[in-house]
Amino acid sequence: MRYKNYDLPSIKTRYGDYHFKSKLEARWAVFMDLLGVSYEYEKYQGIVSVNFFEYAYMPDFFLNDIELFLEIKPRKPVESELNKAAAWANDAGDVVFFYNLAPDNGIRMIGCENAIPIMDADVWRWCECLRCLKVDITAYGVPRCGCFSDDEFDMMLLGKILDIDFSQTPTILKAFSMAKKHDFKTNTKARKLPRRASLL
Ligand SMILES: [Zn+2]
């Protein structure tokens, strides 16, 4: 099959403290500001080695509290991108890819073993604990803040209590739709959405 580049030309976008390479990245920054997630844009860079070739690599975001690097793509990441991220993860920390502005399609690269990139088999999602309100990126969007007992998780899996999708709480859905509509006319940062714990 012939290689085809499906990416639309990206539009440099000024927002908050940064000049983003694309409007999509800026929309993700809006999403994170609305959720109160602290991020740094293109702060870290280095050289990664993939199949005996060396490449300059700079992940889009680093999330301080979540302790993950974040890569944003306008479409599903391709193999070469995943390989570079795996090499980066080996030395610097895990990288999660999200594509489009959907917060529920995360692919996590963990590192390499014997030069073979390791991809986490789980889908990674943004989630919000409705007890402590921690926003996180986890496998299947299951909170890992420690607010839920093993029994509660078992019950949830059986659908007996707390029929809640922590990756689609009202706040996450609202942040998602506001980030989609953000107009970037001024570079004022979006204010964190007010939230209240709704589960005892
Ligand atoms: Zn919690």
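The values are calculated or read from the model by the stated rules, or taken from the named source; none is laboratory data. All values derive from a computational prediction rather than experimental measurement. Accessible surface areas use protein heavy atoms only, side chains included; no ligands, DNA or RNA. Shrake-Rupley method; radii C 1.70, N 1.55, O 1.52, S 1.80 Å.
Kirkwood Rh over alpha-carbon pairs of the chain, then Stokes-Einstein at 4 °C and 1.567 mPa s: what D in µm² s⁻¹, rounded to an integer? Kindly include the intermediate steps, with their values, before the conclusion.
Values: Rh = 18.0 Å.
For the chosen part, D equals 72 µm²/s.
Mean 1/r over all different Cα pairs, inverted: what Kirkwood radius does the range 1-110 give, in Å?
Values: mean 1/r = 0.0687 Å⁻¹.
Evaluated over the range 1-110, this radius sits at 14.6 Å.
Using θ = phi - 60° and the Karplus form 6.51 cos²θ - 1.76 cosθ + 1.60, what ³J(HN,Hα) does each residue of the range 172-181 get, whole Hz, x for Gly and Pro?
So the J values, rounded to whole Hz, are 5, 5, 5, 4, 4, 6, 5, 5, 5, 8.
Within the accessible area of the range 13-179, what % is carbon and sulfur when the probe is 1.4 Å and the other protein chains stay in place? List each step's numbers first, then the result.
Numbers: 4190 of 8140 Å².
Heavy-atom surface of the range 13-179 belonging to carbon and sulfur, 1.4 Å probe: 52 percent.
Given a cut-off of 27 Å, name the pairs among Lys76/Lys185; Lys21/Lys134; Lys73/Lys174 whose C-alpha atoms lie farther apart than that in the structure shown. Write out the running numbers ahead of the final one.
Working: Lys76/Lys185 29 Å; Lys21/Lys134 29 Å; Lys73/Lys174 21 Å.
With Cα atoms farther than 27 Å apart: Lys76/Lys185; Lys21/Lys134.
How are the Cα pair distances of the range 59-146 distributed, in percent, across 5 Å bins from 0?
Percent of pairs per bin, in order: 3, 16, 25, 25, 18, 9, 4, 1, 0.
The range 165-191 to the range 101-138: how many Å between their Cα centroids?
Spelled out, the Cα-based centre of one part sits 20 Å from the other.
Please give the per residue accessible area of the chain, computed with a probe of 1.4 Å over protein heavy atoms only, in Å².
Values: 11860 Å² over 200 residues.
Per residue, the chain has 59 Å² of solvent-accessible surface.
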